[in-house]
Amino acid sequence: MEEQRAEARFPTVGDGSGFADTDRVFKEELQLALRNRGMLLEGLRYPVTPTGLHYLLVHYDIPEVKIEEWRLNIGGLVSRPMSLALDEIRKRPARTIAVTMECAGNGRALLAPRRISQPWLLEAIGTAEWTGTPLRGILEEAGVHREAADILFTGLDRGVEGGEVQHYQRSLTVSEAGREEVLLVYAMNGAPLPPQHGYPLRLLVPGWYGMTSVKWLERIEALADPFQGYQMARAYRYSQTEDEPGEAVSLMRVRALMIPPGIPDFLTRTRLVQAGTVTLMGKAWAGRLSISRVEVSVDGGSTWSDARLGEPVSPHAWTTWTCLWNAIRGSHVVCVRATDSEGNVQPLEQQWNVGGYGNNSVQRVTVIVQ
């Protein structure tokens with residue numbers, strides 16, 4: 001789709017820089033936070049996240065879909081262009097896999113200065129059982145030409161971002177799109193996709209951050225050159241300045257989260273537990289890699305103890321970890337960090353980037369033991 005420039009002039013946010021240097025929450029951030037939804041961290045107790053708890057991010061608006069008119073169109077550099085109704089897609093070979101999905105901006109609000117955008121803390125995560133048909137089969141039916149470089153995915157959602165009027169679009173290389181676990185999904189946790197999760201059809205790319213799994217799919221095109229649209233060339237980059245292109249955000253980084261122990265103070269969420277043996281538990285994941293180690297600290301990260309690992313929910317989903325803590329009276333900062341199968345360890349402090357992406361610094365929970 002040819003890029004369009006937005007002619008309207010929108011009001012500036014904050015001081016106009018697009019960043020916030022203080023703990024003040026801007027109206028625009030609150031507006032986004034109320035439209036979207038994070039998973040409550042106590043939801044980490046479930047191997048598969050109930051649909052109503054799974055994190056949600058809608059970039060623009062949920063589009064209206066009339067299923068009797070909807071079609072998935074496959075074109076571009078293919079030998080046999082296709083236009084498929086949902087029933088035709090559902091008749092193809094089906095696969096159900098549990099997949100952990102995390103937003104690339106998870107942890108953005110913990111960075112300083114922070115980008116004024118969706119103000120995620122730690123909750124942009126969830127694991128669902130997704131059902132669909134392998135994308136590879138449909139690409140083979142269409143006959144993607146050898147000279148094709150990228151497969152472009154276009155959603156029905158439309159809005160203005162970066163001064164451009166656009167549909168939400170992302171691309172994958174032909175080889176990446178042909179991986180066996182990449183699905184065209186029409187069901188979530190055994191039920192049809194809810195409107196907010198991409199009904200009637202969405203892309204699912206296990207291991208990648210959630211921005212890659214385009215919702216409300218309308219069109220798939222094989223392109224001769226890498227796609228340079230806004231969501232690829234300008235957004236989702238690990239950039240240190242506004243002008244630097246930076247490395248593209250892709251696979252999820254290693255991360256562990258814990259269920260905050262005890263009970264919370266309503267406003268501050270500081271935790272209160274009784275002295276004695278406390279079971280700490282949570283989940284850990286690492287994109288396409290496996291989890292080799294999870295460690296827990298009860299002194300703010302000075303010393304660490306190994307947690308016990310369970311079996312992963314699936315090759316594409318998180319692993320449960322548990323750790324027993326002999327909690328003594330006083331105030332403690334409890335932390336957790338994971339290590340993946342290639343030796344990558346969560347950092348105590350995350351390197352800053354413009355978009356606030358990929359923040360996998362260790363979780364810290366203040367706990368008062370009495």
Look at Pro206 and say whether it is within 29 Å of Val362 (Cβ to Cβ) and in contact with a strand residue (DSSP E or B) (Cβ under 7 Å, 6 or more places away or on another chain).
-> yes
For Arg219, are the conditions met, namely being of a type in the set (D, E, K, R), closer than 23 Å to Met101 by Cα and under 18 Å from the mean Cα position of the chain (by Cα)?
-> no
Answer yes or no as to whether Leu152 is closer than 30 Å to Asn360 by Cα, in the same structural domain as Tyr55 (by TED's automatic domain parsing), touching a Phe, Trp or Tyr at 6+ places or on another chain (Cβ under 7 Å) and of a type in the set (A, V, I, L, M).
-> yes
Count - residues of segment 338-370 that are of a type in the set (D, E, K, R), over 19 Å from the mean Cα position of the chain (by Cα) and farther than 26 Å from Arg269 by Cβ | 1
If we scan segment 202-223, do we find a residue that is over 21 Å from Gly132 (Cα atoms) and not assigned by TED's automatic domain parsing to the domain that holds Trp325?
-> yes
Take segment 29-61 and flag every residue that is among the aromatic types (Phe, Trp, Tyr) and farther than 23 Å from Gly356 by Cβ.
-> Tyr46
Output yes when any residue across segment 263-276 is under 19 Å from the mean Cα position of the chain (by Cα), surrounded by 13 or more Cβ atoms within 10 Å (Cβ to Cβ), modelled with pLDDT of 95 or more and not assigned by TED's automatic domain parsing to the domain that holds Thr100, and no when none is.
-> no
Hand me the list of strands (runs of 3 or more DSSP E) wholly inside segment 267-368 holding 2 or more residues that are out of contact with any strand residue (DSSP E or B) (no Cβ under 7 Å at 6 or more places or on another chain) and within 17 Å of Gly126 (Cα to Cα).
-> none
Just give me the residues in segment 219-234 being surrounded by fewer than 19 Cβ atoms within 10 Å (Cβ to Cβ), in contact with a Leu (Cβ under 7 Å, 6 or more places away or on another chain) and not in a loop (DSSP other than H, G, I, E, B), in sequence order.
-> Leu223
Give Trp304, Trp318 a once-over and let me know the one that is touching a residue at least 40 places away in the same chain (Cβ under 8 Å), aromatic (Phe, Trp, Tyr), buried (at least 16 other Cβ atoms within 10 Å of the Cβ) and farther than 14 Å from Pro260 by Cα.
-> Trp318
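The values are calculated or read from the model by the stated rules, or taken from the named source; none is laboratory data. Just so we're clear, the structure is a prediction, and the values are computed from it rather than from any experiment. Neighbour counts are summed over all protein chains in view; Cβ atoms, including those assigned to glycine, are modelled from backbone coordinates with ideal geometry.
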